[in-house]
């Protein structure tokens, strides 16, 4: 579904990605893991056209997208939950969700307010509250719900549970397990290996702007001690 092939990209005046490659298949959950500053978020930004690739190719569902603008990439069926959530703090929960609602791909099981509220009952309880009054965990739920309302075929989460309380983190992981069971393709950046091993099919360890190791969850479990040292956990 998604193929990133040998891309380079710069951010803040310096080259960050040095031949980054990865792929995500249909109905597959794939992770990017690594220390801070190794290029994970820059990879996400390159996929979404926010920090365009200087060379290499990015293909989604057989179509080259590296030259498209961010809104065009989203229209092709990629939903982003960005680092820091970036919700509309002055809009209500419901307004945040409605603002992004779209079904450009003709989804068979379309995401609606009712479906998002069923996934995240806390949001239903706070539907009239402004986004800025929510807790960090509730804002992350809202950011996920907002991305789902675009009816994506691929969901990307950058720092899925960073800074969240343990109970809220488990709510997020439960949500992602449910989305996986429904067949949604997911690319996720996070550092919680226990949760990622139970969720993901494959993993990419990113180091200095390129893939240092890749493998399945079974292979990562065997190498876990080495991987933890490599990514600084």
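Each value in this text was obtained by applying a stated rule to the coordinates, not by laboratory testing. It should be emphasised that the depicted structure is a prediction, and the values quoted were computed from it without experimental measurement. Note: ideal-geometry Cβ built from the backbone for every residue, glycine included; neighbour counts use all protein chains shown.
Structure summary
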| read-out | value |
| --- | --- |
| Mean residue ellipticity (222 nm) of the chain, computed from DSSP H runs ≥ 4 via -39,500 (n - 2.57), nearest 500 | -9500 deg cm²/dmol |
| Cα coordinate range in the chain, projected on the principal axes (Å, largest first) | 45, 38, 35 |
| Sorted by Cβ density within 10 Å, fewest first, the residues 204, 117, 11 | 11, 117, 204 |
| Centroid-to-centroid separation of the stretch 27-66 and the stretch 94-131 [C-alpha atoms, Å] | 26 |
| Antiparallel content of DSSP bridges confined to the chain, in %, to 5 | 60 |
| Approximate spin-label separation residue 64-residue 88, in nm, with each point projected 7 Å along Cα-to-Cβ | 3.5 |
| Ranked by how many other beta carbons lie within 10 Å on average, peptides 12-19, 109-116 from highest | 109-116, 12-19 |
| Length gained when the stretch residue 101-residue 174 is fully extended (0.36 nm per residue, less Cα-Cα span) | 24.0 nm |
| Residue-span extension gain [residue 109 to residue 223] - 0.36 nm each, minus C-alpha spacing | 37.2 nm |
